[in-house]
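Structure record follows, encoded as structure tokens.
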Amino acid sequence: MNNNKLYPFERNRYYAGKMLTSADFQAEQTYFNNKRRFLNTVMYGAGIVCGLGVFSLDDLSILVESGVAIDGMGREIVIDSSVVKKLSAVDGFDTLKSSDVSLCLSYEEKEVHTVYAVNQANPDKDYEYNRIAEGYRLFLMDKEDIPLSFEMESEFLAKGELFADDNFRIDFLIPATVCRGKQVKAVIRVTKTSARDLRLTYHGTLQIPAFAAPDGRREIDIAIENLMLEPGKSTDFDYWMMAQDIPAAETNIILKSGSASCTENDEAVLAPGNFTIRVLLSNTSPRELVNTEIGRVNLEMRSVGSQGDYIRLADIRLVRTDQAYIIEELVETNVKHYITAPSQEMLRAGYMDFFEKNADITQPVVPVMQVQEQKTGRVEQAAPQLATGVLEIPLGENPRKGEVYYSGEIMHGLGKGNVFVDVGYEFINEDKTIASSAKSTIFGNPELFEGEQRNVVNADTAIRVLNDKGSFIVAAKLLENVDYLMLTYRWVAIRFPAGNDLELTEETSGKSISAVTPTVVLGTKESHFFGVEYHNMDAVSIAYELTEQGSGEITADGVYTAPNKEGVYEICIYCTDMPVICTYAYAIVKKKGLE
């Protein structure tokens, strides 16, 4: 292992009559090199300063762009011009053991420029190298041989375990010290600790006496539904709170008694009912709090947690045979680590102006179906909000009587709260009255229509409405053996206005949006942008949604692409921060050459 400790520093002391030897001049160079590299490590860290992009030119070759990096020992690594190499010609290729490899870059010195040496201590050696060229080395190594990054233990976060068994672990994280009167984020982190194929559902309520949730409550509800993770992977759920300006020096966050429940693949698992985590309250600003935590890391801790002596540039997946190889995939995302250089700050600020208008970021809201308006432009306060759609439940192979199948989580678009949801079996049947096929939906018991339709699947259904998430899940239990691959259901969601919804009607009164071109005629696979006009309101964030499956595609910015079949298709356009303000556009799709 290389010694990356560059201090203490020692430099030459000059005095009259001092005899200088090669060791003195080497000490001079070492002092200035180590001082510069020391500043590189503490001021910038290790990573890429600029450039060093990696591209696959063909199945065998790569290109590495010119650029600059700093390694974990503070040494500058410069590739002054782009490099093209066969992968098999890169150092380390012949010793690779797997097909998942990493391309790395390291600092390298070479002695160059031979000169005739006078007064040699070794009389048999007539020449010496006169210079040292600072360069680089590209090499390959197996991904499995890359050491895990070491993260220094920090006292910034307080961490507690909400739940743990052989399959999952749920941790609660929050800053150990929070600022009175400021927002703070708590994180629920779920980690999969086994290789078993399991879905996790966890519910619990945390009491937060010194905080206020966004809805003003002193509680936050945790609702994790049917979560599936790869072994060893984690996912985070964020919860924002406001720290109250109270005189107490500390507070506790507590799991509400009797609120915890947990299932794995719908089988109940014992969830601990006691959890407490202590948080300190401070009058300092968040920036001062963060600066203090970062600045307290001492040199010994930095040395232990320092980076290696090489820089990862890309991960490469190979397809290998005994005699050849092919570059299947080259990935730079989440591999490279970039350094924030002060010289780039003005350019960075200019780029960020395209993304940040102010510090307030509004989260997108799921759409709400349009509410009927009176002639005065005011929304009817008593009108219910409705939403509908189609969902599919895959049955897999050989579905049998008594088996239960589940849909995915469906967003009904009516927001959080109490919403009624019902589903009906949807199918195509032959209608003799019109001598054609027609779509039908049966709500309730399909057995009552068994004499009329033989293609109705007899199944019991149940709906779990996730009130705190604005979504629902449908379960279907087969009452007979079927040879279907999929069950198709029409769902209907209804929400009646509550007292707090009346305030929303006042806020949206008289405001509306409309499509610049409400109806367009397109050929199959043609595209059209649906622009929006605002009436009695300023321009706001807009979202787009197709109301039926198989009706084409639409991007987040409103570019619609028609499907490969004729028909009339509906697009819902709504304001993300006020979903009740919405409109509809229609695409009439015809095959080319047909009127």
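Each reported figure results from applying straightforward, stated rules to the coordinates on display, with no laboratory input. In this text, all values refer to a predicted model and were calculated from it rather than measured experimentally. FYI the Cβ positions are ideal-geometry reconstructions off the backbone, even for glycines, and counts take in every protein chain you see.
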**Item:** Cα-based Rg and Dmax for the stretch 385-495, where Dmax is the largest Cα-Cα distance (Å)
**Value:** 14.9, 47
**Prompt:** Where a ≥ b ≥ c are the square roots of the eigenvalues of the C-alpha gyration tensor, would you call the stretch 59-141 rounded, which needs a/c under 1.5, or, failing that, prolate if a/b is larger than b/c, or oblate?
**Reply:** prolate
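Taking loop as defined by DSSP and a crowding limit of 14 other beta carbons within 10 Å, which trypsin sites (Lys or Arg not before Pro) in the stretch 53-127 fit?
Working: sites: 75, 85, 86, 97, 110, 125; in loops: 75, 97, 125.
Counting only loop positions with at most 14 other Cβ atoms within 10 Å, the trypsin sites (Lys or Arg not before Pro) in the stretch 53-127 are 97, 125.
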**Fill in**
Other residues with Cβ under 15 Å from the Cβ of residue 389 give, with Lys and Arg +1 and Asp and Glu -1, a net charge of -4
**Item:** Qualifying GluC sites (Glu not before Pro) for the stretch 130-220 [loop in DSSP, other Cβ within 10 Å: at most 16]
**Value:** 151, 153, 155
**Request:** Would you work out the relative contact order for the stretch 511-590, in percent, from Cα pairs under 8 angstrom that are 6 or more residues apart?
**Result:** 38 percent
**Message:** Restricted to Cα positions, what overall size does the stretch 511-590 have along the principal axes? Three whole-Å values, descending.
**Reply:** 37, 20, 16
**Request:** Output the direction-averaged projected area (hull surface divided by four) of the convex hull of the alpha-carbon atoms of the stretch 27-80, in nm².
**Result:** 4.6 nm²
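Can you tell me the relative contact order of the stretch 385-495? Whole percent, Cα pairs under 8 Å, sequence separation 6 or more.
On the way: 239 pairs, mean separation 52.2, N = 111.
It comes to 47 percent, rounded to a whole number.
Tell me the Kirkwood radius of the stretch 157-295: reciprocal of the mean inverse pair distance over distinct alpha-carbon atoms, in Å. If you can, show how the numbers build up before the last one.
Details: mean 1/r = 0.0630 Å⁻¹.
By the Kirkwood definition, the hydrodynamic radius is 15.9 Å.
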**Asked** How many nm is it between the label spots at residue 591 and residue 7, if each spot is 7 Å from the Cα in line with the beta carbon?
**Response** 7.7 nm
